[in-house]
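Asker: The structure under discussion is supplied below as structure tokens; questions concerning it will follow.
The values are calculated or read from the model by the stated rules, or taken from the named source; none is laboratory data. Keep in mind that what you see is a predicted model, and the values were worked out from it rather than measured. All Cβ positions, even for glycine, are placed from backbone atoms using ideal geometry, and neighbour counts span all protein chains on display. Heavy atoms of the whole protein, side chains included, go into the accessibility calculation; ligands, DNA and RNA do not. Shrake-Rupley method; radii C 1.70, N 1.55, O 1.52, S 1.80 Å.
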Amino acid sequence: MAGRKKLAPGMILAMRSWHRPAPGIFLDHGKNVFFENITVHYAEGMGLLAQVSENITLDHFNVALKGAGDPRYFTTQADATHFSGCKGIIKSVSGLYEAMMDDAINVHGTYLKVVNQKNDKTIVVQYMHGQSYGFEWGLPKDQVQLVRSQTMEVVGNANTIRRIRPLDQPTVAGAKQFEIEFTDGIEIPVADSSGFGIENMTWTPEVYFAHNTIRNNRARGSLFSTPRKTVVENNTFDHTSGSAILLCGDCNGWYETGACRSVIIRNNRFINALTNIFQFTNAIISIYPEIPKLKDQQKYFHSGIIIEHNSFETFDRPLVYAKSVDGLLIRNNQIKTNQQYPPFHPNRYPFF
């Protein structure tokens, strides 16, 4: 270690594995679930992991250290809260999320990759990421849409599941591959080498994330990937080491859906975010869908985003980065610069 400026005497090195075997709370197929005045001090995974559930409220839900005397340096191995394939409304209000090894909240669905097309109404699809599979992806009568992976564009019209069954397991539990039959015909071939994914639009939630404190964590502050209304207001993002807010979408790596269609980010305070660089951390607010062939894209991915009345307290330049957005309004925000850290980010534009 001698001579390594980034490893000076007195610094603390915290290490963890990639495994996340045990969330503090696991919710599966829940409905109208209310968590109030609950604190998770440590979990070998997420603080709260919810999947295929409807209407979830977190009121004074905390993922936090025990205080100044806590011998731990981090609280969860991954996200404080994580919502996958949910619907209805997800509310998180008046919470404290600190010292996580990942994000305070991540709301998304899951793209399945099309691996075969049997006929004009039937396809074979597959979970692709090794950390997110084995749960129920869709049901008969769910509305779905197909996406071209390389450009993240919706192809054809929305369709409806007539029948879905696992192929590699006798039941949904542990299954990675499914056969899906639609009620209507598929308009274009979707099993060619260019790559296609499928998204379940029925299992997408509204989100209300307000009056929370997110501080001193690794990775990002919050991730939202849902086409339904998302409001992020009156929160304090204090030293999130990556972007404070990320609007993403990725049918190529994490396979987390999808496009945001109505997002309001207002009255939040951002204090020295972006002291580090992780995936998709191009600015304090990063609108970064993963689009391998952006130049070939004809239809925008995200739309309808308003960023207003926020306070940015920052030592560096990048405030908002946006890719593939139709309708982005940034107004009446306050920016205060400081010298608490040396500027380092390669993005030197406040608005890119």
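Asker: Which residue, N333, N217, N119, has the most motion in a Gaussian network model of the chain that connects Cα atoms within less than 10 Å?
Answerer: N119
Asker: How far apart, in nm, are the 7 Å Cα→Cβ label points at D120 and I335?
Answerer: 5.4
Asker: Ignoring solvent entirely, what values of log10 I(q)/I(0) come out of the Debye formula for the chain at 0.11, 0.15 Å⁻¹ when each Cα is a single scatterer?
Answerer: For the requested q values the scattering log ratios are -0.74, -1.30.
Asker: Does the stretch 33-74 classify as rounded, prolate or oblate by the C-alpha gyration tensor (a ≥ b ≥ c root eigenvalues; a/c under 1.5 gives rounded; else a/b over b/c gives prolate, otherwise oblate)? Write out the running numbers ahead of the final one.
Answerer: On the way: a/c = 5.14, a/b = 1.88, b/c = 2.73.
Taking the square roots of the gyration eigenvalues as a ≥ b ≥ c, the stretch 33-74 is oblate.
Asker: Turning to a different aspect of this structure: Ordered by packing density, taken as the mean number of other Cβ atoms within 10 Å over each peptide's residues, highest first, how do 122-132, 223-233, 169-179, 141-151 rank? Working shown, then result.
Answerer: On the way: 122-132: 16.6, 223-233: 21.9, 169-179: 14.4, 141-151: 18.8.
Per-residue mean Cβ counts within 10 Å order the peptides as 223-233, 141-151, 122-132, 169-179.
Asker: For the stretch 1-152, what class follows from the C-alpha gyration tensor (a ≥ b ≥ c being the square roots of its eigenvalues): rounded when a/c is under 1.5, otherwise prolate if a/b is larger than b/c, else oblate?
Answerer: Details: a/c = 3.06, a/b = 1.54, b/c = 1.98.
Here the stretch 1-152 falls in the oblate category.
Asker: Next question, about the same structure. From the backbone phi of the stretch 42-52, what are the Karplus-calculated ³J(HN,Hα) couplings (6.51 cos²θ - 1.76 cosθ + 1.60, θ = phi - 60°) in whole Hz, Gly and Pro given as x?
Answerer: 7, 8, 7, x, 6, x, 9, 10, 10, 9, 6
Asker: Okay, next question. Show which lysines lie in cross-link reach of K87 when reach means a straight Cα distance below 16 angstrom and same-chain residues fewer than eight apart are skipped.
Answerer: In chain and number order, the partners are K31, K141, K229.
Asker: To check you understand DSSP bridge types, tell me what percent of the beta bridges within the stretch 20-73 (both residues inside) are antiparallel, rounded to 5.
Answerer: Details: 1 of 13 bridges.
For the stretch 20-73, the DSSP antiparallel bridge percentage is about 10.
Asker: Could I ask something else about it? Check the straight Cα-Cα distances from K176 and name the aspartates and glutamates below 13 Å, setting aside those fewer than 8 residues away within the same chain.
Answerer: Excluding near neighbours in sequence, the set is E136, D168.
Asker: Further question on the same structure: Taking a probe of 1.4 Å, how large is the accessible area per residue of the stretch 147-225, in Å²? Walk me through the numbers before you get to the answer.
Answerer: Values: 3150 Å² over 79 residues.
Heavy-atom accessible area per residue stands at 40 Å².
Asker: Considering only protein heavy atoms and a 1.4 Å probe, what is the carbon-and-sulfur percentage of the accessible area of the chain? It would help to have the intermediate numbers written out before the result.
Answerer: Numbers: 7860 of 15960 Å².
Carbon and sulfur together cover 49 percent of it.
Asker: Which percentage, to the nearest 5, of the DSSP beta bridges contained in the chain is antiparallel?
Answerer: Working: 31 of 114 bridges.
So the antiparallel bridges in the chain amount to around 25 percent.
Asker: Oh, and also: On a straight-distance basis, which aspartates and glutamates could pair with K121 in a cross-link, Cα separation under 19 angstrom, same-chain partners fewer than 8 positions away excluded?
Answerer: Of all the aspartates and glutamates, those that pass the test against K121 - Cα under 19 Å, at least 8 places apart if same chain - are D142, E179, E181, D184, E187, D192, E199.
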